[in-house]
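Chemist: Quick one: the structure is below, and I'll ask about it shortly.
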Amino acid sequence: MAERKIENLYNQIYNHPLFCGLTKKEFFRLIEKCSLKHYQKSNKVLYSKTPREGLLLILEGMVEVYVEQEQQNNEVLEVLQTGDCIGFSSLADFLGEKTNHHNQYTVSVVAIEDSYCLQVPFSVLEERWIDEQVRDYVLRQVAVRLKDIYASLAEQVQLASQWGESEPFMRRVQDIMNQPIIAVNTGDSIQKAAQTMVDYSKSSVLVLANERLVGIITEKDLVNRVISKQRSLNNSVSEVMTANPITISRDTYYYEALSTFLMNGIKHLPVVDGQKVVGLITLSDLLRKKNRGTLEILQAIEDSSLENISTVRNAIYEVLATLINDRIPTLNTLEVVTKLYDRLVKHCVDLAVQSLDDKGLGKPPVAFCWYQMGSGGRGEQFLLTDQDHFLVYDYDKSQDEEEVDYYFGKLGEEIVFFLEKAGYERCVGKMMSSEEMWRGSISKWRDRLKGWALVATNENLLLVQNFFSFRKLYGDEALNDSFKEMVTSHVKESGAILYRLAELEKEKPVPNLDHPIRSLFRLDRNSLDIKMDALFPLHHCLQMLSTVNGIVEGTPIERIDELTKKRILKEDFAEDLKDALEVILSLRVSEAWKKAERGEKSSSKIKFTHIKTREKEALIKALKTVKQLQQQVLGVFGML
């Protein structure tokens with residue numbers, strides 16, 4: 001860290017209420033007990049299970065406090081900025097109050113921009129506690145935070161009692177949004193914005209400039225950016241608004257709006273019709289219309305045991321049938337169903353851990369993560385198929401390595417057992433965490449990857465292709481970060497395995513679109529293997545292209561988005577890829593579902609007499625897009 005930078009930060013600390021008024025000698029004595037930390041954007045500041053041993057003062061930058069969710073669509077609780085503190089939840093320990101919570105630390109913190117923080121241990125705070133100014137500062141900070149938390153909690157409790165109203169997934173935003181819009185102009189004062197919210201009993205107000213949307217102000221903004229910063233209410237709203245807010249189209253479906261809220265961690269969405277803002281919708285509005293059936297299924301999953309877990313699959317299939325019959329876009333259908341399956345498999349892991357404890361093996365001796373592969377890892381599973389998963393676990397020097405291996409061997413077997421009871425068949429290829437080669441420490445996984453690269457047989461290449469579809473569903477976040485770092489560094493050090501995968505891809509080209517349609521679709525056989533000829537080439541090429549660029553985890557859509565951000569894919573082509581994936585998966589899901597309803601054996605072959613002309617045309621275009629992706633990947637590895 002540059003010397004000038006450090007000097008500026010220490011000057012800022014010296015004038016902070018926690019240290020203000022100290023002599024320089026006393027200041028430097030206390031500051032030696034503190035730690036100055038630098039976090040780059042996206043770096044974890046605190047993990048959910050990290051003990052809070054003091055306060056973390058944000059000197060520069062911005063962080064998010066959030067609750068980690070199963071699908072990594074994390075629920076953001078608050079955004080903290082320069083001058084804010086992290087760690088107030090542990091003040092009870094500092095003050096000597098007993099707490100009865102077994103899991104005290106339930107939130108994580110991540111830097112959303114380059115940030116500098118000062119770790120202030122409780123020993124320093126204890127010395128400063130005699131200063132009335134310090135106590136007053138802490139009290140004001142806690143009061144502001146508590147007000148925000150209680151407001152949010154009250155809203156959630158109220159919504160919980162209203163969650164049962166039944167509405168179809170086909171409902172659109174325009175059917176739920178609030179109108180007319182409540183707005184102020186950029187030149188108006190903060191006072192006017194606050195009064196407008198009071199007058200209309202709203203928790204937010206839009207900000208317009210020449211009738212165009214330029215920002216939004218919420219109650220939370222007023223607390224965080226006005227009250228806590230002691231800004232004058234005469235200041236302009238433009239100083240405290242959230243500029244260029246995320247918007248949503250009025251004809252967007254209910255489930256798409258809900259995804260937008262969850263993925264972006266927001267609670268207010270301006271509704272637009274083209275360039276014109278026409279309304280506002282809140283997360284509360286959507287939750288009031290939440291489908292009771294979905295809530296009941298989630299509860300059924302959480303309450304299921306060995307005796308009745310097999311019934312959950314049928315409940316999920318009912319949701320799937322509704323989405324398919326209502327012609328919900330396939331990618332959105334799979335997103336909804338994947339969240340239900342993820343809850344189910346995570347519950348199976350919970351049951352497996354508890355089962356071992358009941359059998360006398362105790363709790364997991366070290367941190368671990370459990371990953372899905374295949375269609376489950378890609379978020380594309382709609383009918384329960386076979387199991388594809390693996391285990392990664394840590395080693396503690398105080399633990400016996402053989403005992404740790406023994407425990408996780410038993411845990412792998414137990415997980416397979418519960419998943420089988422839930423409806424997942426055992427993998428014929430034994431790619432399951434019950435098998436020794438699909439579990440181990442990070443070092444063992446590193447050796448395994450090296451082995452696959454050195455002996456790159458076609459059989460090992462198929463294992464690698466399945467492995468690179470992994471997605472964490474359960475376990476320790478810090479261990480997961482370390483595991484992904486290992487995979488990324490291994491790929492950088494040895495690109496041989498990706499080169500061999502590219503060679504394998506070259507041997508299986510996507511059908512050439514320059515050929516006549518009769519040749520393309522091989523109408524003499526009247527079918528196409530939608531999985532082998534279209535879906536797998538798309539997946540494999542995305543895996544290679546993303547992995548070589550440091551993206552080792554994520555669904556196909558997430559990989560496309562990350563590759564677009566890195567400018568590896570052009571935005572127009574990225575949209576074409578998403579359209580192609582929608583078309584291919586739509587045919588795959590539709591045909592497979594029809595066969596399941598007829599009681600026929602599952603197959604990925606599509607008969608052209610069973611699909612409409614427009615579907616054939618869409619498939620032709622989708623195959624052309626996949627062919628372009630395949631050519632781009634082969635070009636990266638010098639195989640054109």
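Chemist: Looking at Val626, Val589, can you tell me which residue is in contact with a Cys (Cβ under 9 Å, 6 or more places away or on another chain) and assigned by TED's automatic domain parsing to the domain that holds Ala534?
Modeler: Unique residue meeting the criteria: Val626.
Chemist: Just give me the residues in region 226-240 being assigned to a helix (DSSP H, G or I) and surrounded by fewer than 18 Cβ atoms within 10 Å (Cβ to Cβ), in sequence order.
Modeler: Within region 226-240, Ile227, Ser238, Glu239 qualify.
Chemist: Could you tell me whether any residue of region 452-471 is touching a Ser or Thr at 6+ places or on another chain (Cβ under 6 Å), of a type in the set (Lys, Arg), buried (at least 16 other Cβ atoms within 10 Å of the Cβ) and closer than 29 Å to Leu334 by Cα?
Modeler: No; the residues of region 452-471 include none that is touching a Ser or Thr at 6+ places or on another chain (Cβ under 6 Å), of a type in the set (Lys, Arg), buried (at least 16 other Cβ atoms within 10 Å of the Cβ) and closer than 29 Å to Leu334 by Cα.
Chemist: Being touching a residue at least 60 places away in the same chain (Cβ under 8 Å) and part of a helix (DSSP H, G or I) is the filter here, so list the residues in region 354-374 that pass it.
Modeler: If the condition is that a residue be touching a residue at least 60 places away in the same chain (Cβ under 8 Å) and part of a helix (DSSP H, G or I), then Ser355, Gly374 are the ones that fit.
Chemist: Contact list please: Cβ distance under 8 Å, first residue in region 532-547 and free of Cβ contacts under 8 Å to residues at least 24 places away in the same chain, second residue buried (at least 23 other Cβ atoms within 10 Å of the Cβ) and not in a helix (DSSP H, G or I), pairs at least six apart or on different chains.
Modeler: From region 532-547, no pairs qualify.
Chemist: For region 480-512, which positions are of a type outside the set (Ser, Thr, Tyr), farther than 29 Å from Ser48 by Cβ and assigned to a helix (DSSP H, G or I)?
Modeler: Across region 480-512, the qualifying residues are Lys492, Glu493, Ala496, Ile497, Leu498, Arg500, Leu501, Ala502, Glu503, Leu504, Glu505, Lys506.
Chemist: Please find, within region 348-391, the residue that is farthest from Val589 (Cα to Cα) out of those that are modelled with pLDDT of 95 or more and aromatic (Phe, Trp, Tyr).
Modeler: Phe368
Chemist: Whether any residue in region 418-440 is among the polar types (S, T, N, Q), surrounded by fewer than 16 Cβ atoms within 10 Å (Cβ to Cβ) and either in contact with a helix residue (DSSP H, G or I) (Cβ under 9 Å, 6 or more places away or on another chain) or in a strand (DSSP E or B) (or both) is what I want to check. Outline the logic, then answer.
Modeler: Keep residues of region 418-440 that are among the polar types (S, T, N, Q), which gives 433-434.
Now narrow it down to the ones that are surrounded by fewer than 16 Cβ atoms within 10 Å (Cβ to Cβ): none.
Scanning region 418-440, I find no residue that is among the polar types (S, T, N, Q), surrounded by fewer than 16 Cβ atoms within 10 Å (Cβ to Cβ) and either in contact with a helix residue (DSSP H, G or I) (Cβ under 9 Å, 6 or more places away or on another chain) or in a strand (DSSP E or B) (or both), so the answer is no.
Chemist: Here are some residues: Asp386, Asp400. Which one is surrounded by fewer than 17 Cβ atoms within 10 Å (Cβ to Cβ), more than 20 Å from Leu449 (Cβ to Cβ) and not aromatic (Phe, Trp, Tyr)?
Modeler: It is Asp400.
Chemist: Need pairs with beta-carbon distance below 9 Å; first residue in contact (Cβ under 8 Å) with a residue 60 or more places away in the chain and closer than 12 Å to Val184 by Cα and within region 194-222, second hydroxyl-bearing (Ser, Thr, Tyr) and in a strand (DSSP E or B); sequence gap 6+ or separate chains.
Modeler: Final answer for the pair search is Ser204/Thr218; Ser204/Thr282.
Chemist: Okay, moving on. Which of the numbered conditions does Ile551 fail, given that it passes all the others? Conditions: (1) farther than 17 Å from Arg378 by Cβ; (2) outside any helix (DSSP H, G or I).
Modeler: All conditions pass for Ile551, except number (1).
Chemist: Any residue at all in region 607-615 that is touching a strand residue (DSSP E or B) at 6+ places or on another chain (Cβ under 8 Å) and in contact (Cβ under 8 Å) with a residue 24 or more places away in the chain?
Modeler: yes
Chemist: So which residues in region 581-631 are part of a helix (DSSP H, G or I), in contact with a helix residue (DSSP H, G or I) (Cβ under 9 Å, 6 or more places away or on another chain) and surrounded by fewer than 12 Cβ atoms within 10 Å (Cβ to Cβ)?
Modeler: Across region 581-631, the qualifying residue is only Glu597.
Chemist: Moving on to the next point. Return the total of residues in region 321-345 being in contact with a strand residue (DSSP E or B) (Cβ under 9 Å, 6 or more places away or on another chain), surrounded by fewer than 18 Cβ atoms within 10 Å (Cβ to Cβ) and either free of Cβ contacts under 8 Å to residues at least 12 places away in the same chain or assigned to a helix (DSSP H, G or I) (or both).
Modeler: Going through region 321-345 one residue at a time, the tally reaches 1.
Chemist: For Tyr406, which of the numbered conditions (1) touching a residue at least 40 places away in the same chain (Cβ under 8 Å); (2) assigned to a helix (DSSP H, G or I) fails to hold?
Modeler: (1)
Chemist: Please name all residue pairs, on different chains or six or more residues apart, with Cβ atoms under 6 Å, provided the first residue is in region 231-246 and is in contact (Cβ under 8 Å) with a residue 40 or more places away in the chain and the second residue is part of a loop (DSSP other than H, G, I, E, B).
Modeler: Listed pairs, sorted by first residue: Val237/Asp188; Ser238/Thr186.
Chemist: All but one of (1) of a type outside the set (Phe, Trp, Tyr); (2) in contact with a strand residue (DSSP E or B) (Cβ under 6 Å, 6 or more places away or on another chain); (3) over 30 Å from Ser42 (Cβ atoms) hold for Gly475; which doesn't?
Modeler: With respect to (1) of a type outside the set (Phe, Trp, Tyr); (2) in contact with a strand residue (DSSP E or B) (Cβ under 6 Å, 6 or more places away or on another chain); (3) over 30 Å from Ser42 (Cβ atoms), Gly475 is out only on (3).
Chemist: Only one of these is within 25 Å of Ile611 (Cβ to Cβ), modelled with pLDDT of 90 or more and among the aliphatic types (A, V, I, L, M): Ile557, Ile568. Name it.
Modeler: After applying the criteria, what remains is Ile557.
Chemist: Being more than 15 Å from Val134 (Cα to Cα), surrounded by 14 or more Cβ atoms within 10 Å (Cβ to Cβ), of a type outside the set (Lys, Arg) and in contact (Cβ under 8 Å) with a residue 40 or more places away in the chain is the filter here; which residues of region 1-37 pass it?
Modeler: Leu9, Gln12, Cys34, Leu36
The values are calculated or read from the model by the stated rules, or taken from the named source; none is laboratory data. These figures come from a predicted structure and were not determined experimentally. Glycine also receives a Cβ, built like all others from the backbone with ideal geometry; neighbour counts cover every protein chain displayed.
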